1. What list of ³J(HN,Hα) couplings, whole Hz, do you get for region 61-72 from phi and the Karplus terms 6.51, -1.76, 1.60, once you set θ to phi - 60° and write x for glycine and proline?
2. Carbon-plus-sulfur fraction of the accessible area of region 43-107, 1.4 Å probe, in percent?
3. Could you sort Asp36, Asp83 by accessible area so the largest value comes first, with the probe set to 1.4 Å?
4. Taking Cα centroids, how far is region 91-107 from region 1-56 in Å?
5. Once fully extended, how much extra length lies between Asp83 and Asp60, figured as 0.36 nm per residue of separation less the alpha-carbon to alpha-carbon distance?
6. Using just the helices of the chain, give the 222 nm mean residue ellipticity in deg cm²/dmol: DSSP H runs with n ≥ 4 each add -39,500 (n - 2.57), and the total is spread over all residues, rounded to 500.
7. Exactly which GluC sites (Glu not before Pro) in region 27-72 are in a DSSP loop and have at most 14 other Cβ atoms within 10 Å?
8. Per the Cauchy relation, a quarter of the hull surface: what is the mean projected area of the convex hull of the alpha carbons in the chain, in nm²?
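The values are calculated or read from the model by the stated rules, or taken from the named source; none is laboratory data. This is a predicted model, so every value here is computed, not measured. For neighbour counting, all protein chains shown are included, and Cβ atoms are generated from backbone atoms with ideal geometry for every residue, glycine included. Accessible surface is based on the protein model in full, side chains and every heavy atom, while ligands, DNA and RNA are left aside. Shrake-Rupley method; radii C 1.70, N 1.55, O 1.52, S 1.80 Å.
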Amino acid sequence: MTHVVTDNCINCKYTDCVEVCPVDCFHEGPNFLVIDPNECIDCTLCVAECPAEAIFAEDDVPEGQERYIQLNAELAPQWPVIDARIPALEDAKRWDGVPDKLPLLKR
Ligand code: F3S
């Protein structure tokens, strides 16, 4: 199993999650982070750290967001590892909780 970053990370990118990851499995895109399913050890530490509540165990991904399981696996090899926290995106507060942000994903 793995953990998965889902919709609400888009345009927020708080990055609190990367600080606690013991295996550096987060990869950074322009407005979204993903977890490399081949590196994640299911420690669950990142789940509670995300202010946007965007991280779920693969089996607990909310209905309608299953697409993100494949998307994390697809984008992780394409994006660089991020292992230190950086400032959230400028409008993070405004975007936090806005549904269906997938069309806004930048690659
Ligand atoms: Fe995204 Fe939450 Fe991490 S918003 S960058 S998954 S702390």
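1. Each residue's phi maps through the Karplus curve to give 4, x, 4, x, 10, 4, 4, 5, 4, 5, 5, 4 Hz.
2. So the carbon and sulfur contribution to the accessible surface is 51 percent.
3. Putting Asp36, Asp83 in descending order of accessible area: Asp83, Asp36.
4. 15 Å
5. Extending this stretch completely gives an extra 5.8 nm.
6. -4500 deg cm²/dmol
7. Numbers: sites: Glu28, Glu39, Glu49, Glu53, Glu58, Glu63, Glu66; in loops: Glu39, Glu53, Glu63, Glu66.
When the GluC sites (Glu not before Pro) of region 27-72 are filtered for loop state and at most 14 Cβ neighbours within 10 Å, Glu53, Glu63, Glu66 remain.
8. Over every viewing direction, the Cα hull of the chain projects on average to 5.7 nm².
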